[in-house]
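Peer 1: Shown below is the structure under consideration.
None of the figures in this text is laboratory data; all of them are computed from the coordinates on show. Since the model is a prediction, treat every value here as computed from it, not as a measurement. Because the Cβ atoms are built from the backbone with ideal geometry, glycine has one as well, and the counts that use them run over all protein chains shown.
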Amino acid sequence: MAERWLRLNETEDVFISLEEVARQIVRTNENFDAWKWGTIALISATSSALVANLSGTTNVGALEKQNAKDALAALQHDSQHVMTDPFLADPLGMLKLAQRPKENRKERAGSPIQVDDEWVGSFKTLVRFRNGFMHFKPMSWSIEVSDFPTHFLNVLGIVEATFGDGWSYRHMKPRRYEELLKLSCDLRNKLVHLYEIT
């Protein structure tokens, strides 16, 4: 059998993860389990968008604090430090970093994003559920999902806040970037239409 390769980077993951969210959203009216898969995909898209926004030419902007320091030390000329495997900051930590002014970041990268408190609250809620879904404990769950459409719209707003800064999606082909913008707009409209969100 011929070898097959999955090729991804942070911006392509934003795209394919939002595609998965869109697939799951149409299932949510009849299959509440689709919220699980939609949540996992949306947090993946958001984390990848934050990585794209935070990562500069040394790719340390989205890393956990000590890991970023170690990587920068290893990149210094004649350094005796060994480059360690990259370890991302947690999603909420990346969101805080992405809101910082450029001069307070680990490296120059995308523009600081503007998000409101409601978006942050929705992100915290969905990250908590994503963590539970991914690291399943032996327990039964009963999850109230009636607020999920609003949470999804708010978190989609965080992804959209990374669009248009001229940096985060600089390596994405223009046509693919246009497809990403359309996908995000269509997903937003689908959520609003299906759940009559004003």
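Peer 1: GluC sites (Glu not before Pro), restricted to the stretch 124-198: which are DSSP loop and have at most 15 other Cβ atoms within 10 Å?
Peer 2: 144, 196
Peer 1: At residue 111 and residue 140, where each label point lies 7 Å from the Cα along Cα→Cβ, what is the point-to-point distance in nanometres?
Peer 2: Simple spin-label model gives 5.1 nm for this pair.
Peer 1: If each DSSP helix of 4+ residues adds -39,500 (n - 2.57) and the sum is divided by the residues in the chain, what number results at 222 nm, nearest 500 deg cm²/dmol?
Peer 2: About -18500 deg cm²/dmol.
Peer 1: What ranking of 83, 172, 1 emerges when the number of other C-beta atoms within 10 Å of each C-beta is taken as an exposure proxy, fewest first?
Peer 2: 1, 83, 172
Peer 1: Would you mind finding the longest exposed-site-free stretch of the chain, with exposed trypsin sites (Lys or Arg not before Pro) meaning DSSP loop and at most 13 other Cβ atoms within 10 Å?
Peer 2: Result for the longest clean stretch: 8-107.
Peer 1: Taking the 0 to 90 degree range and rounding to the nearest ten, how far is the long axis of helix 34-54 tilted relative to the main principal axis of the chain, both from C-alpha atoms?
Peer 2: Computed tilt is about 30 degrees.
Peer 1: As a footprinting exposure proxy, order 159, 115, 14 by other Cβ within 10 Å, with the fewest listed first.
Peer 2: Going from sparsest to densest Cβ surroundings: 115, 159, 14.
Peer 1: Rank the residues 32, 123, 152 as a footprinting-exposure proxy: fewest other Cβ atoms within 10 Å of their Cβ go first.
Peer 2: Fewest to most other Cβ atoms nearby, the residues stand as 32, 123, 152.
Peer 1: Quote to one decimal, in nm, the extra length available between residue 82 and residue 181 on full extension: 0.36 nm per residue of separation minus the C-alpha distance between them.
Peer 2: The span from residue 82 to residue 181 would gain 31.7 nm if fully extended.
Peer 1: Here's a follow-up. Can you match log10 I(q)/I(0) by the Debye sum over Cα atoms at q = 0.09, 0.13, 0.15 Å⁻¹ to one of these, [x] -0.53, -0.79, -0.92; [y] -0.31, -0.66, -0.89; [z] -0.37, -0.74, -0.95, based on a calculation from the structure here?
Peer 2: [z]
Peer 1: Related question: Quick check: the angle from helix 148-161's long axis to the longest principal axis of the chain, C-alpha only, nearest 10 degrees?
Peer 2: Between helix and principal axis, roughly 30 degrees.
Peer 1: I would also like to ask the following. Would you mind checking 65/124; 102/173; 124/173; 36/190; 65/190; 124/190 for any pair whose Cα atoms are more than 29 angstrom apart?
Peer 2: Violating the 29 Å limit, Cα to Cα: 124/173; 65/190.
Peer 1: Turning to a different aspect of this structure: Does a label point 7 Å from the Cα of residue 27, set along Cα-to-beta-carbon, have any residues of the stretch 121-145 with amide nitrogen under 12 Å, and which are they?
Peer 2: It comes to no residues whatsoever.
Peer 1: Note the angle between two axes, namely the Cα long axis of helix 10-25 and the longest principal axis of the Cα atoms of the chain, as a number of degrees from 0 to 90, rounded to the nearest 10.
Peer 2: Approximately 10 degrees, to the nearest 10.
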